[in-house]
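Working notes, beginning with the structure itself.
The values are calculated or read from the model by the stated rules, or taken from the named source; none is laboratory data. Because the structure is a prediction, the values reported are computed rather than measured. Every residue, glycine as well, gets a Cβ built from its backbone with ideal geometry; the counts of neighbours run over all protein chains shown.
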Amino acid sequence: MANHKSALKRIRQTETRNLRNKYYAKTMRNAIKKLRDTQDKKEAMEMLPKVIAMVDSVAKRNIIHKNKAANLKSGVAKHVNSLA
(Lines give C-alpha, C1' and ligand atoms only; values in the text may rest on other atoms or scores of the structure.)
Protein backbone atom coordinates (compact mmCIF):
# COMPACT_ATOMS: atom_id res chain seq x y z
CA MET A 1 0.00 0.00 0.00
CA ALA A 2 1.17 3.52 -0.77
CA ASN A 3 2.66 5.47 2.11
CA HIS A 4 2.95 8.93 0.60
CA LYS A 5 0.23 11.45 -0.08
CA SER A 6 1.46 11.89 -3.63
CA ALA A 7 1.35 8.13 -4.26
CA LEU A 8 -2.24 7.97 -3.01
CA LYS A 9 -3.17 10.84 -5.31
CA ARG A 10 -1.43 9.09 -8.20
CA ILE A 11 -3.52 5.97 -7.57
CA ARG A 12 -6.73 8.03 -7.62
CA GLN A 13 -5.68 9.81 -10.83
CA THR A 14 -4.76 6.53 -12.53
CA GLU A 15 -8.13 4.96 -11.69
CA THR A 16 -9.98 7.99 -13.05
CA ARG A 17 -7.94 8.03 -16.26
CA ASN A 18 -8.35 4.28 -16.76
CA LEU A 19 -12.12 4.61 -16.55
CA ARG A 20 -12.14 7.55 -18.96
CA ASN A 21 -9.84 5.79 -21.43
CA LYS A 22 -11.95 2.63 -21.30
CA TYR A 23 -15.05 4.69 -22.04
CA TYR A 24 -13.50 6.40 -25.09
CA ALA A 25 -12.02 3.14 -26.43
CA LYS A 26 -15.26 1.18 -25.98
CA THR A 27 -17.35 3.95 -27.56
CA MET A 28 -15.00 4.00 -30.55
CA ARG A 29 -15.12 0.20 -30.92
CA ASN A 30 -18.92 0.22 -30.78
CA ALA A 31 -19.10 2.93 -33.45
CA ILE A 32 -16.77 0.95 -35.72
CA LYS A 33 -18.78 -2.23 -35.16
CA LYS A 34 -22.03 -0.41 -35.97
CA LEU A 35 -20.52 1.00 -39.17
CA ARG A 36 -19.18 -2.39 -40.27
CA ASP A 37 -22.61 -3.97 -39.68
CA THR A 38 -24.26 -1.37 -41.89
CA GLN A 39 -25.18 -2.56 -45.39
CA ASP A 40 -26.72 0.73 -46.59
CA LYS A 41 -24.10 2.80 -48.42
CA LYS A 42 -25.83 6.16 -47.83
CA GLU A 43 -26.08 5.57 -44.10
CA ALA A 44 -22.47 4.34 -43.97
CA MET A 45 -21.26 7.44 -45.82
CA GLU A 46 -22.96 9.62 -43.20
CA MET A 47 -21.40 7.66 -40.34
CA LEU A 48 -17.88 7.49 -41.79
CA PRO A 49 -16.68 11.05 -40.94
CA LYS A 50 -17.94 10.73 -37.35
CA VAL A 51 -16.21 7.38 -36.86
CA ILE A 52 -12.96 8.66 -38.37
CA ALA A 53 -13.05 11.71 -36.10
CA MET A 54 -13.66 9.45 -33.10
CA VAL A 55 -10.71 7.21 -34.00
CA ASP A 56 -8.48 10.26 -34.47
CA SER A 57 -9.44 11.72 -31.10
CA VAL A 58 -8.75 8.42 -29.34
CA ALA A 59 -5.35 8.20 -31.04
CA LYS A 60 -4.61 11.81 -30.13
CA ARG A 61 -5.22 10.96 -26.46
CA ASN A 62 -2.75 8.05 -26.80
CA ILE A 63 -5.42 5.50 -25.93
CA ILE A 64 -4.58 3.65 -29.14
CA HIS A 65 -1.45 3.90 -31.27
CA LYS A 66 -1.54 6.21 -34.29
CA ASN A 67 -0.74 3.32 -36.65
CA LYS A 68 -3.63 1.28 -35.24
CA ALA A 69 -5.86 4.29 -35.81
CA ALA A 70 -4.67 4.47 -39.42
CA ASN A 71 -5.38 0.75 -39.91
CA LEU A 72 -8.86 1.07 -38.42
CA LYS A 73 -9.71 4.07 -40.61
CA SER A 74 -8.41 2.28 -43.69
CA GLY A 75 -10.44 -0.84 -42.98
CA VAL A 76 -13.61 1.12 -42.34
CA ALA A 77 -13.14 3.18 -45.54
CA LYS A 78 -12.60 -0.02 -47.56
CA HIS A 79 -15.81 -1.45 -46.14
CA VAL A 80 -17.80 1.66 -47.03
CA ASN A 81 -16.36 1.75 -50.55
CA SER A 82 -17.19 -1.92 -51.09
CA LEU A 83 -20.89 -1.37 -50.38
CA ALA A 84 -23.12 -1.38 -53.45
Here the residues within segment 13-55 that are over 30 Å from residue 83 (Cβ atoms), more than 11 Å from the chain's Cα centre (by Cα) and either at pLDDT below 95 or not basic (Lys, Arg) (or both) are 13, 14, 15, 16, 18, 19
Taking the condition at negative phi, basic (Lys, Arg) and surrounded by 10 or more Cβ atoms within 10 Å (Cβ to Cβ), does residue 22 pass?
yes
Identify, by number, the condition in (1) without any contact (Cβ under 8 Å) to a residue 12 or more places away in the chain; (2) assigned to a helix (DSSP H, G or I); (3) within 30 Å of residue 14 (Cα to Cα) that residue 49 doesn't meet.
(3)
Scanning segment 55-72 residue by residue, those surrounded by fewer than 18 Cβ atoms within 10 Å (Cβ to Cβ) and assigned to a helix (DSSP H, G or I) turn out to be 56, 57, 60, 66, 67, 68, 70, 71
(1) in a helix (DSSP H, G or I); (2) over 23 Å from residue 74 (Cα atoms) all hold for residue 3 apart from (1)
